[in-house]
Amino acid sequence: MLLARLVDRLEKAFHKPAPQQNPDPQGHGNPETAIAGLTQGAVIVIVGGGLSGSAFARKILTLCRKTGKKTRVYLVNSTGCNYCGGLITDLARETMRNLYELHAPHDVILNKVSDCIFINREGSAEISLTTPMLTTLRTSRFGITGFDDSLKARILEGIEDMEPWLTIIEPTLVRQIIPLAEPGGQGPESGPKWRVVLSIKKDNGCYEELDAHVLVLATGFRSLGKPMLNDFQELTGYIPPPVMEGSVTEVDTSTAKHNLIADHMLVIDGLVEGAVLAFIPKGKSWLTLTTLGKQLTPGELDRVFAHPQVKKYLDLPHPSKNLRCRMICPAKLFTGSAQNFYGDGWVMLGDLTGYGRVLKDGVYASFLHAHLAAEAMCYHGATKEAFARFYHQPLREFEQDNQVGMLLFRINTHLNRRSWFNKLFIMAAENERKKSPQGAAMHAGIRGLMTGRIPYGLIGVFFIIGLISFMVRHPLKALKTANPFR
Ligand SMILES: Cc1cc2nc3c(=O)[nH]c(=O)nc-3n(C[C@H](O)[C@H](O)[C@H](O)COP(=O)(O)OP(=O)(O)OC[C@H]3O[C@@H](n4cnc5c(N)ncnc54)[C@H](O)[C@@H]3O)c2cc1C
């Protein structure tokens, strides 16, 4: 009981609050920093209309309206699927409400996850989440509105008078970004700095172009390795973040022999070597399967579903023949930070920055980036110096904890090959649940991985405390069932 109380206190003390609107975005009234910022008449082109691009459009228009700046905003987006688990954490939701004055509309919410079932080769443990997570589709599909598309449709909600200042060009791919020969500043008096070449052809056979004073790149990881980004890297010295392989697919579970998933999310550790899988419930007979650590093959998918620990919850024969999109999409996740992701007259947002909590909550990170970058730009100017101070600096808080997060992932990948570790982990978690539905240290650790509310450092400490406390209290049980020397 004492341990549970201590864990509860620590969970509350380290609970990450959602960011709030900055009451003094001009720099605490300091006249030196309270400069004019974005120049009147500037043209901003945002390339990429996923979460970070759309959130940025809303934020910059809101700020321009507030400060009376006449800024033209173009949002250019190619379509395609913004693959993702579609989980919206409580932190992401609160951030969206606080910073953007928007709620997740009912028609995009497909399910609410209130429990997580943690499964490894040796067993399973049920973990309660303190606040439920929402499950959504990110891009509209199967006749359902996607979360990202719903945000794009609501860029002007409550600021409808800014409509003349926003143009959305979609579906259109940006083919090339060309720096103009005599780059100017951020306003019309000094000339545009960038030429953005679109994939739309004019009558004369040439491609449509947009000239911009400020360029915002929010094209996500799908643009990595594409000519547009390769050229931009060469031009600016941008270095993308290190990435880890992953994958995502949508599984139709309507032919399952039994299905106990309901509103539980299944986290499956180590059944596929080097990977952590998640089953994220969407409709009654549909789940999204995401993989961190490697791209899942159809054979591995079938093997996971055939495992007795998974079959306890969902018995679906031939899952690889029940994929709603007929394929498993390869995906990438950042494992560290990008370098040189902003400069004079340009800035990157979202996944391309590698700033956010690693392996978790890209939605929250996208909202945070768009807010910070728009405030930096509006109040302090689209300069390298302003982005360094008002955008990059606040994001640095992620750096150290992400290193701990990646260390935990690697240690786990090493240990979860060992049967004794898997048994010990489940036994410790199960034992905690016998005493209280909220568990203690092991539960708080797993919960922290799901909610993104506590630092990875504390999650690591919780796991160590949880395992040690189980071994101290039940030495014989621990030795008998989890003897590493057997
Ligand atoms: C397997 C997996 C599961 C995940 N699960 C979750 C989760 O459950 N919850 C969560 O919060 N995060 C999750 N994430 C992370 C999340 O998906 C990303 O952090 C988030 O999508 C980043 O947003 P973004 O705006 O940077 O990029 P994206 O969402 O990728 O958007 C980029 C946009 O740019 C457009 N685009 C690309 N190139 C061009 C071009 N040349 N011209 C014009 N437009 C272009 C694309 O069409 C797209 O609309 C997951 C990621 C992966 C890989």
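Just so it is clear, none of the values below were taken in a lab; they were calculated from the coordinates. Every value quoted in this text rests on a predicted model; they were computed, and no experiment measured them. Cβ coordinates were reconstructed from backbone atoms using ideal geometry, including for glycine residues, and neighbour counts include every protein chain displayed.
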Reference-scaled alpha-carbon Rg (2.2 N^0.38 Å with N residues) for region 294-355:
1.78
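Under 10 °C and 1.306 mPa s, how fast does region 310-434 diffuse according to Stokes-Einstein, given a Kirkwood radius computed over C-alpha pairs? Answer in µm²/s, whole number.
The Stokes-Einstein estimate is 88 µm²/s.
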Taking the chain as the reference, fit the longest principal axis to its C-alpha atoms, fit the long axis of helix 456-473 to the helix C-alpha atoms, and give the angle between the two in degrees, 0 to 90, nearest 10.
10
Computed on Cα atoms only, the convex hull of region 41-82 has an orientation-averaged projected area in nm² of 2.7
Under a point spin-label approximation (7 Å from Cα along Cα-to-Cβ), what is the Thr481-Arg97 distance to one decimal in nm?
4.0
Rounded to the nearest 0.05, what FRET efficiency do Met1 and Ile109 have when you use their Cβ-Cβ distance and R0 = 35 Å?
0.45
Please state the shape class of region 94-149: rounded when a/c is under 1.5, otherwise prolate if a/b exceeds b/c and oblate if not, all from the C-alpha gyration tensor.
oblate
Ranked from highest to lowest mean number of other Cβ atoms within 10 Å per residue, what is the order of the peptides 227-236, 68-77?
68-77, 227-236
Measuring from label point to label point, each 7 Å out along Cα→Cβ, what is the Leu180 to Arg9 span in nm?
6.2
0 to 90° range, to nearest 10: angle between helix 362-375 axis and the chain longest Cα axis
30
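Can you show me the helix-derived [θ] at 222 nm for the chain, built from DSSP H runs with n ≥ 4 at -39,500 (n - 2.57) apiece and divided by the number of residues, rounded to the nearest 500. Display every interim value, and only then the final one.
On the way: 14 runs with 161 residues, N = 486.
Only helices count here, giving -10000 deg cm²/dmol.
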With N residues in the chain, what two-decimal value do you get for its Cα radius of gyration over 2.2 N^0.38 Å?
1.03
Label-to-label distance, nm, for residues given as Lys226 and Ile468 (7 Å Cα→Cβ offset)
4.9
Folded to 0 to 90 degrees: helix 227-236 orientation relative to the chain principal axis, Cα:
70
